[in-house]
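Q: My questions all concern the structure below.
The values are calculated or read from the model by the stated rules, or taken from the named source; none is laboratory data. Source: prediction; values computed, not measured. A quick note on method: Cβ atoms are made from the backbone with ideal geometry, for glycine too, and the neighbour counts reach across all protein chains shown.
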Amino acid sequence: MAERPSRAVCLDTSVWVKLWLPEPFSDLVYDLFSSLLDQDWTLIGPPTLPYEVASVLRGKVRSRVLSEAGAQETWAAFRRYPLTIDTAVDLPDRTWAVATRLQLPTAYDAAFLAAAGSRPFVTADRVLLDACRGDRDVHVVDLTVAQSTLLGDRPPQQ
């Protein structure tokens, strides 16, 4: 039997945090993660991803949206996910090139796009979606259509 080609997707911090924090479209994220993992997709991200997730969690503790214990549980859950971090030596240069080409104000978003390369990058960040609109070198997918775009599934009825 022929082995199925590996499929990989890069998920933005704005997507990851919706797994544990009740935010708009969290239900879509649950379904998306479940389907991706069931179908053996590789989840990838830049080296900054764990720090970004940690930063969001610390901010939620500081603003009293999340307890310290809740943040610790969420952090532990995030760390258990099978995640491949792109540690390629040229990632900083690719990040710089993407940030420059798309005129992004920071390199953080560009690092995700560089790690994704030609693979899909799923985000809930409207500003980033707009910045990438029309660029043929990135494959950015809006979270609201990620399930159907990546997996061919029909989106759930809202």
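Q: So which residues in segment 80-112 are touching an Asp or Glu at 6+ places or on another chain (Cβ under 8 Å) and among the acidic types (Asp, Glu)?
A: ASP109
Q: If you scan segment 83-107, which residues turn out to be within 16 Å of the chain's Cα centre (by Cα), surrounded by 18 or more Cβ atoms within 10 Å (Cβ to Cβ) and part of a helix (DSSP H, G or I)?
A: THR95
Residue-wise test of (1) touching a helix residue (DSSP H, G or I) at 6+ places or on another chain (Cβ under 9 Å); (2) at pLDDT 95 or above; (3) surrounded by fewer than 16 Cβ atoms within 10 Å (Cβ to Cβ); (4) over 24 Å from ALA111 (Cα atoms).
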position: ALA2; (1), (2), (3), (4): no, no, yes, yes
position: PRO5; (1), (2), (3), (4): no, no, yes, yes
position: PRO22; (1), (2), (3), (4): no, no, yes, yes
position: ILE44; (1), (2), (3), (4): yes, yes, no, no
position: TYR81; (1), (2), (3), (4): yes, no, yes, no
